[in-house]
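Enquirer: Below you'll find the structure I mean.
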Amino acid sequence: QLFAEHGLQFDLGNTAKSSVFSFQPLPDSTQMQLSAFGIRCQISGITPCKIPVGSPTFVHDFAAKALTKLRHRFEAFKDLLPALLKLDRSRRTPTHRNYEHFLNLVRLSFLSMPIYTLRTLKPSSCVTYSTAASEMALTLIRSVLPPFTQLPPSAKVNNNVYPDLLRISSDIMQLPLTLGGLSLRLPSSISDLAYAASAADCLPLLYLAADKLGVVFQYHLVPELVETRRRVAAALPAINDGFWMKI
């Protein structure tokens, strides 16, 4: 009221989010107070720090939009490799080293996108996303592996069992850089770890918020985190109760 009498207004654009969220419409008096601060009240959901919070439809639409953006980048990457090869062949002295550079771009510019998104989605919301992102990444990875030559059948029967060289090459590419790989980790293999890491980052803030609200907060009260912890422990037995206690 004081600001209104003097023709002043609040501007929270550079210091705070301009929306709050409530499943139910707020009372008119509260709406007017928020409006005085230039803040809107959303009833479907908001994305503070790019984390969707709100109705199931809102969270689903957020994941669908993220997947659409990833598909656009995937299509661009599919067009990039032939362009790189064509450019290299047109040079006076071709380098023939485009494949490794392409895979590094996949790691830095394509795989970084789903990894970031997986840190902002609940596990129940990112199953479809992580599966689709992994398939796209595998398509890009396989595009640089040379096809096997189809040899005519031998007169002598060969009963030796040969390893799947394509799978081995793909696995090597997913190793960390320190182990000689290209660190091309598939989104489906790290989705739970990404969520657990994001949750661990947020826990101190959640404790502070719970304290201000006078409620008890413990991580085992969050169903999504409990389920993620169970899956991480099943996949990585070395991560025991001591590890979680540190978090």
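The values are calculated or read from the model by the stated rules, or taken from the named source; none is laboratory data. Nothing here was measured: the structure is a model prediction, and the numbers come from that model. Note: ideal-geometry Cβ built from the backbone for every residue, glycine included; neighbour counts use all protein chains shown. SASA here: full protein model, heavy atoms, side chains in, ligands and nucleic acids out. Shrake-Rupley method; radii C 1.70, N 1.55, O 1.52, S 1.80 Å.
Enquirer: Heads up, I need the accessible area for THR47: 1.4 angstrom probe, whole protein in place, Å², nearest 10.
Expert: THR47 exposes around 50 Å² with every protein chain in place.
Enquirer: First measure r as the distance between the Cβ atoms of THR95 and ASP61, then evaluate 1/(1 + (r/R0)^6) with R0 = 30 Å and state the FRET efficiency to the nearest 0.05.
Expert: Values: r = 44 Å, r/R0 = 1.48.
FRET efficiency, THR95 to ASP61: 0.10.
Enquirer: Using the Cα centre as the reference, give the magnitude of the dipole from point charges on the C-beta atoms of the stretch 95-176 (Lys, Arg: +1; Asp, Glu: -1; all else neutral), rounded to the nearest 20 debye. Walk me through the numbers before you get to the answer.
Expert: On the way: 7 positive and 4 negative charges, 16 e Å.
For the stretch 95-176, the charge dipole is close to 80 debye.
Enquirer: Let me have the 222 nm mean residue ellipticity of the chain computed from DSSP H runs of 4+ only, each contributing -39500 (n - 2.57), with the sum over all residues rounded to the nearest 500.
Expert: On the way: 10 runs with 138 residues, N = 247.
Calculated mean residue ellipticity at 222 nm is -18000 deg cm²/dmol.
Enquirer: Here's something else I'd like to know. Mean projection of the alpha-carbon convex hull of the chain over all orientations, in nm²? Before the final figure, lay out each step's value.
Expert: On the way: hull surface 92.2 nm².
Projected area, direction-averaged: 23.1 nm².
Enquirer: While we're looking at this one, here's another question. In the chain, which longest range has no chymotrypsin sites (Phe, Trp or Tyr not before Pro) that are both DSSP loop (not H, G, I, E or B) and surrounded by at most 12 other Cβ atoms within 10 Å?
Expert: Details: sites that count: PHE10, PHE23, PHE148.
Result, exposed sites excluded: 24-147.
Enquirer: Near the amide H of GLN42, under 5 Å away, which other amide H atoms are found, from residues 5 or more places off or on another chain, if H is placed in the peptide plane?
Expert: Amide H neighbours of GLN42: VAL20, PHE21, SER22.
Enquirer: Follow-up. Could you rank HIS220, HIS60 by how accessible they are, 1.4 Å probe, largest area first? Don't jump to the answer; show the numbers that get you there.
Expert: Numbers: HIS220 100, HIS60 120 Å².
Ranking HIS220, HIS60 by accessible area, largest first, yields HIS60, HIS220.
Enquirer: Still on this structure, I have one more. With a 1.4 Å probe and all protein chains left in place, how much of the accessible area of the chain comes from carbon and sulfur atoms, in whole percent? Don't jump to the answer; show the numbers that get you there.
Expert: Numbers: 10410 of 17160 Å².
It is 61 percent, rounded to a whole number.
Enquirer: Can I ask one more? Give, as a single signed number, the net charge of other residues whose beta carbon lies under 15 Å from the beta carbon of ASP79, with Lys and Arg counted +1 and Asp and Glu -1. All intermediate terms of the calculation are to be shown ahead of the outcome.
Expert: On the way: positive: ARG71, ARG73, LYS78, LYS86; negative: GLU75.
It works out to a net charge of +3.
Enquirer: For the chain, the longest stretch holding no trypsin sites (Lys or Arg not before Pro) located in a DSSP loop with at most 15 other Cβ atoms within 10 Å is which? Before the final figure, lay out each step's value.
Expert: Working: sites that count: LYS17, ARG91, ARG92, ARG97, LYS156.
Value returned for the longest uninterrupted segment is 157-247.
Enquirer: Here's another thing I want to ask about it. So, with +1 on the Cβ of K and R and -1 on the Cβ of D and E, and no other charges, what is the size of the charge dipole of the chain about its Cα centre, to the nearest 20 debye?
Expert: On the way: 25 positive and 17 negative charges, 215 e Å.
Dipole about the Cα centre, nearest 20: 1040 debye.
Enquirer: Could I ask something else about it? Ignoring ligands and nucleic acids, what accessible area does MET136 show with a 1.4 Å probe (Å², nearest 10)?
Expert: Accessible area of MET136: about 20 Å².
Enquirer: I would also like to ask the following. Determine how large the accessible area of GLU227 is when every protein chain is in place; take a 1.4 Å probe and give Å² rounded to the nearest 10.
Expert: Accessible surface of GLU227 is approximately 70 Å².
Enquirer: Sorting VAL127, VAL222, VAL53, VAL161 by accessible area (1.4 Å probe), largest first, what list results?
Expert: Numbers: VAL127 90, VAL222 40, VAL53 65, VAL161 140 Å².
So the residues, ranked largest to smallest area, are VAL161, VAL127, VAL53, VAL222.
Enquirer: For LEU2 and ALA76, calculate 0.36 nm times their separation in residues minus their Cα-Cα distance, and state this gained length in nm to one decimal.
Expert: Numbers: separation 74, 0.36 × 74 = 26.64 nm, distance 5.40 nm.
Gain on stretching LEU2 to ALA76: 21.2 nm.
Enquirer: Further, regarding this structure: Averaged per residue, what accessible surface does the stretch 117-247 expose to a 1.4 Å probe, in Å²?
Expert: On the way: 8720 Å² over 131 residues.
Using a 1.4 Å probe on heavy atoms only, each residue of the stretch 117-247 averages 67 Å².
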